[in-house]
Amino acid sequence: MDLLVALLAGSVAGLALAAPLGAIGMLLLQEGITRGLGRGLPAAAAVATVDVAYCTVAVAAGALAAPIVNGWSPWPQLLGGVAVVALGVHGLLQGLRAKPSAGERPAGRSGTSRQRYLLVLGLTAINPATLVYFAAILTGLAEFTASGSTAAAFIVGVGLASFGWQALLVALGAGLRRRTGASFRRWTAIVGNGLIVAFGVALIIQAL
């Protein structure tokens, strides 16, 4: 019973972290629209990998992790903002340059699945907010980290919830890919990447 409770608690924690639709969430929607479900899932797996890794670090290090990472401020957030802006500008330029005809199937986002996985992994990992989040909530959930088995169940719950949510975002994007025309996908890419740029600028301003 303790393992089940820890698993459910981890799932709730992972979902609470993943649900807010920020820059990474917009990126996952774009992955689904431009690459489809199968080729977009590696990006979802990358985000879940970071969530699990940071949760594991937080469980192992406890509340000591958050002050250490906060001591690096503002560089992690500043670098993360620059990376997000660069990604958004690249996608925005691609969207502006693309001029598919009405019957033309747009090309998928460049890069292999492994390359996309590593890219999204890096963009997600460069922002330490996830680590701080887990370090903060685990200070009040000590009962789930008291033993190795419950801690492992908590981490598994986080991973399952995170991947499930990120995969849902990719699937929603893939659904739009099948049900809309090339022109709509082009404008979605422009708007989505424009929001990513704006989010990156906001991160930089907040860091400064």
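The values are calculated or read from the model by the stated rules, or taken from the named source; none is laboratory data. What you see is a predicted model, and the numbers here were worked out from it, not measured in a lab. When we count neighbours, we look across all protein chains shown, and the Cβ atoms used for this are built from the backbone with ideal geometry, even at glycine. To get the accessible areas, we keep the full protein, side chains included, count just its heavy atoms, and leave off ligands, DNA and RNA. Shrake-Rupley method; radii C 1.70, N 1.55, O 1.52, S 1.80 Å.
Numbers below:
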{"quantity": "Count - residues of segment 38-62 that are among the aliphatic types (A, V, I, L, M), at pLDDT below 90 and within 30 Å of Val89 (Cβ to Cβ)", "calculated": "0"}
{"quantity": "Residue tally, condition touching a helix residue (DSSP H, G or I) at 6+ places or on another chain (Cβ under 6 Å) and either modelled with pLDDT under 75 or not aliphatic (A, V, I, L, M) (or both), over segment 86-103", "calculated": "5"}
{"quantity": "Segment 31-47, residues that are open to solvent by less than 10 Å² (accessible area, probe 1.4 Å), small (Gly, Ala, Ser) and under 12 Å from the mean Cα position of the chain (by Cα)", "calculated": "Ala43, Ala44, Ala46"}
{"quantity": "One residue from Thr112, Thr145, Thr139 being open to solvent by 40 Å² or more (accessible area, probe 1.4 Å), within 22 Å of the chain's Cα centre (by Cα), among the β-branched types (Val, Ile, Thr) and modelled with pLDDT under 85", "calculated": "Thr112"}
{"quantity": "Pair list, Cβ under 8 Å, 6 or more apart: segment 153-174 residue open to solvent by less than 10 Å² (accessible area, probe 1.4 Å), other residue of a type in the set (D, E, K, R)", "calculated": "Val158/Asp51; Ser162/Asp51; Val170/Glu31; Gly173/Glu31"}
{"quantity": "Hits in segment 1-30 (condition: among the β-branched types (Val, Ile, Thr) and either more than 30 Å from Val191 (Cα to Cα) or over 15 Å from the mean Cα position of the chain (by Cα) (or both))", "calculated": "Val5, Val12"}
{"quantity": "Condition check for Pro20: assigned to a loop (DSSP other than H, G, I, E, B), closer than 25 Å to Ala202 by Cα and modelled with pLDDT under 85", "calculated": "yes"}
{"quantity": "Which numbered condition Val158 misses (of (1) touching a helix residue (DSSP H, G or I) at 6+ places or on another chain (Cβ under 6 Å); (2) at pLDDT 85 or above; (3) farther than 25 Å from Trp72 by Cβ)", "calculated": "(3)"}
{"quantity": "Qualifying residue in segment 64-82 (condition: out of contact with any Cys (no Cβ under 7 Å at 6 or more places or on another chain), modelled with pLDDT under 65 and not in a helix (DSSP H, G or I))", "calculated": "no"}
